[in-house]
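For reference, the structure discussed in these notes is given below.
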Amino acid sequence: MTLDLRSISILVPGKLHEHAVSRIGKTFNLVAIDRIDPALVTADLRDTVRGIAASPAIGGSFVGPDFLRALPNAEIVANFGVGYDGVDAAYAGAHGVMVTNTPDVLTEEVADTTLALLLATLRELPRAERWLRDGNWVRKGNYPLSPLTLRGRSIGIFGLGRIGFAVARRLEAFGVSVSYHNRRRAEGVAYAYHPTLKGLAEAVNTLICIAPGGAATLKAINAEILSALGPEGVLVNIGRGSAVDEDALAAALANGTIAAAGLDVFADEPNVPQALLDAPNTVLLPHIGSASVHTRRAMADLCVDNLVSWFSQGRALTPVPETVHVKAK
Ligand code: NAP
Ligand code: 8YV
């Protein structure tokens, strides 16, 4: 006998991937509000909502204590994305609410994008393409040689987790050295470990950030770290914009403290600081690390599979560490 989940109300606040919305609509009783805002929670929603499916990274909204208090019967928050800095998971865990994310299914895609962004930044690929499209190849001749190259670089990974490892594996094939900084040394790993981010930045000339957002990494890449990276230095950020002091980065790019930056993520998306837009030595992407049809669909499926598993079998497939202890009611 299959369990009928259609009596269970799942709230979708704001935009969510359309495949996730479609599956939730077919499986559960889908209810929607325009954004993550406790003021939009009606008395009916307050009484009936048992789960939330959200993509809180988009538009800077946050599933925090106020929103969770407004939905006292919500048992689970299914976060669309592996990074869950848009959900107060510690609060949820302390109040018996499960939080799930979408790890692994996006790892290889994001690692591919990271290598593409690194190479585009070093070899100036977007500017070289513009040179061709603007007719300069015909009018002026060859595009100038790129001052930067991946050859001979030493790479430091800030956040050697699932995606960080996938990036490191790719970098090995490119024949460059890899070292890393995490809070803890990763077991069974041959890459050189640096117990501080400053130590890593001093040891390398290329820093790739794939660490999570949140308070622990807020503006961790600041003027001191950029200065340690040095004038040949290149920063690639594919983790979270909040981990970089963007004012310090813009200054470092303008005054030659570092050479270039490739950024997929920003502190206040979709707003990008004018100084980074104006800088000739940046490559800027609109948070597309995982953004292929293939991978976003897999993320949508995992987001919804967590809800289905929670309500039909009483267990989450991919709980975040802060809520692994939470049991189904
Ligand atoms: P993960 O497996 O949990 O890896 C995170 C790594 O960061 C771990 O090795 C962790 O090691 C380290 N870390 C965490 N907090 C740290 C801190 N305060 N200081 C130093 N190191 C710290 O996660 P993942 O699946 O690789 O994803 C990583 C992040 O990538 C996500 O959280 C998300 O923000 C970002 N992301 C971006 C995109 C995009 O489209 N641009 C796509 C997917 C993911 P320790 O615990 O030992 O410190
Ligand atoms: C998503 C991401 O684009 O998974 C993450 O942490 O940053 C991206 O894969 C984002 O979460 C969508 O909201």
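Taking the condition in contact with a Leu (Cβ under 9 Å, 6 or more places away or on another chain), part of a loop (DSSP other than H, G, I, E, B) and surrounded by 15 or more Cβ atoms within 10 Å (Cβ to Cβ), does TYR180 pass?
So TYR180 fails the test.
Select from the stretch 204-230 the residues that are touching a Gly at 6+ places or on another chain (Cβ under 8 Å) and within 16 Å of ligand 2 (Cβ to nearest atom) and list them in ascending order.
ILE208, CYS209, ILE210, ALA211, PRO212, GLY213, THR217
Taking the criterion of being away from ligand 1 (no atom under 14 Å from the Cβ) and either touching a strand residue (DSSP E or B) at 6+ places or on another chain (Cβ under 9 Å) or not β-branched (Val, Ile, Thr) (or both), would at least one residue in the stretch 79-86 satisfy it?
No, there is no match, as no residue in the stretch 79-86 is away from ligand 1 (no atom under 14 Å from the Cβ) and either touching a strand residue (DSSP E or B) at 6+ places or on another chain (Cβ under 9 Å) or not β-branched (Val, Ile, Thr) (or both).
Would you point out which residue out of GLY233, GLY241, GLY256 is small (Gly, Ala, Ser), buried (at least 18 other Cβ atoms within 10 Å of the Cβ) and more than 16 Å from ligand 2 (Cβ to nearest atom)? Lay out the reasoning, then the answer.
On the way: GLY241 fails: more than 16 Å from ligand 2 (Cβ to nearest atom); GLY256 fails: buried (at least 18 other Cβ atoms within 10 Å of the Cβ).
None of the other options fit; the residue is GLY233.
When you look at LEU160, is it within 16 Å of ligand 1 (Cβ to nearest atom), closer than 23 Å to GLU269 by Cα and modelled with pLDDT of 95 or more, yes or no?
Answer is no for this residue.
From the residues in the stretch 95-147 that are within 16 Å of ligand 2 (Cβ to nearest atom) and assigned to a loop (DSSP other than H, G, I, E, B), which one is surrounded by the most Cβ atoms within 10 Å (Cβ to Cβ)?
THR102
Given the conditions (1) in contact with a strand residue (DSSP E or B) (Cβ under 9 Å, 6 or more places away or on another chain); (2) more than 16 Å from ligand 1 (Cβ to nearest atom), which single one is not true for SER312?
(1)
Among the residues of the stretch 213-223, is there at least one that is modelled with pLDDT of 95 or more, under 19 Å from the mean Cα position of the chain (by Cα), hydroxyl-bearing (Ser, Thr, Tyr) and within 30 Å of GLY51 (Cα to Cα)?
Looking for residues that are modelled with pLDDT of 95 or more, under 19 Å from the mean Cα position of the chain (by Cα), hydroxyl-bearing (Ser, Thr, Tyr) and within 30 Å of GLY51 (Cα to Cα), one finds at least one in the stretch 213-223, hence yes.
Would you be able to tell me the number of residues in the stretch 201-240 that are among the hydrophobic types (A, V, I, L, M, F, W, C) and more than 23 Å from ASP112 (Cβ to Cβ)?
At the first step, the residues of the stretch 201-240 found to be among the hydrophobic types (A, V, I, L, M, F, W, C) are 201, 203-204, 207-211, 215-216, 218, 220-221, 223, 225-226, 228-229, 234-236, 238.
Then drop every residue that is not more than 23 Å from ASP112 (Cβ to Cβ), which leaves 201, 203, 215-216, 218, 220, 223, 225-226, 228-229.
Number of matching residues: 11.
Kindly establish whether GLU246 is modelled with pLDDT of 95 or more, surrounded by fewer than 23 Cβ atoms within 10 Å (Cβ to Cβ), under 19 Å from VAL283 (Cα atoms) and within 20 Å of the chain's Cα centre (by Cα). Break it down stepwise before answering.
Working: modelled with pLDDT of 95 or more: yes; surrounded by fewer than 23 Cβ atoms within 10 Å (Cβ to Cβ): yes; under 19 Å from VAL283 (Cα atoms): yes; within 20 Å of the chain's Cα centre (by Cα): yes.
Answer is yes for this residue.
The values are calculated or read from the model by the stated rules, or taken from the named source; none is laboratory data. Quantities reported herein were computed from a predicted structural model and do not represent experimental measurements. When we count neighbours, we look across all protein chains shown, and the Cβ atoms used for this are built from the backbone with ideal geometry, even at glycine.
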